[in-house]
C-alpha cells in the first residue's frame, strides 16, 4: 500500500511539472471530435505488446494489474472529454452517466479512485513515455516514437477488427 501511495505522489508531481511546461491541445480535440480510432499506448521501451480487451477494461475500471513487476497505472481524460466518452463506451461499455455512477460507488465503498485525469493527449503521451508502468490512449495522429501502440486481442489499431474503432 505504501508503494501505491508513493507512486501516486510521484505521478502528481510529474503531472504538475508537465502541465506547467505543456501546451494544451484539449480544445483542438474537443472541436474536431474524436478520431475514428483510439490507440492504447505504453512507453516505447515497455515489453508489453498486446493487451486483452478484458484486461484493458479491468485496468481502466480500477482493478490492480501488473506487468514486469510494476503496477499498471492508467491515465484518462476528464469526464467531458470526447475521447474519454468514446473510450468509456468502447472499452468499458459505459455511458458518461454510468461511468460517473461507477466511480462514485467505488469511492463510497472505499474501493479505490479512478485513473488520473490528464488534460491533453500530448501530456498523456509524455507521461506514458516517462512513467514506468503507465498506460493511456490517444488518437493516431498523436503517436510518436516515445510511445508504442498496443494491440488489443492481437488486433492493431489499423485492423478492421480493432475494438476501439468509433463507428
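Read-outs throughout are calculated quantities, based only on the coordinates presented, and are distinct from any laboratory measurement. Small disclaimer: the values here were computed from a predicted structure and weren't measured. Reconstructed Cβ throughout: ideal geometry from the backbone, glycine too, with neighbour counts over all protein chains shown.
I need the peptides 128-139, 151-162, 56-67 ranked by packing, meaning the mean over residues of other C-beta atoms within 10 angstrom, with the highest value on top. Please report the intermediate quantities before stating the final value.
Working: 128-139: 22.5, 151-162: 14.4, 56-67: 16.8.
Put in order of decreasing packing, that is 128-139, 56-67, 151-162.
Between residue 89 and residue 53, how many nm apart are label points set 7 Å from Cα along the C-beta direction?
Computed distance between label sites residue 89 and residue 53 equals 1.6 nm.
If I model a spin label at residue 113 and residue 44 as a point 7 Å from the Cα along the Cα→Cβ vector, what separation in nanometres do I get?
In this crude spin-label approximation the distance works out to 3.1 nm.
For a quick check: sort 52, 122 by the number of other beta carbons within 10 angstrom, fewest at the front.
Working: 52 11, 122 19.
If I rank by nearby Cβ atoms, fewest first, I get 52, 122.
Return the ratio Rg/(2.2 N^0.38 Å) for the stretch 111-167, where Rg is computed over Cα atoms only. Show your work: numbers first, answer last.
Numbers: Rg = 12.7 Å, N = 57, 2.2 N^0.38 = 10.2 Å.
Taking N as the residue count of the stretch 111-167, the ratio is 1.24.
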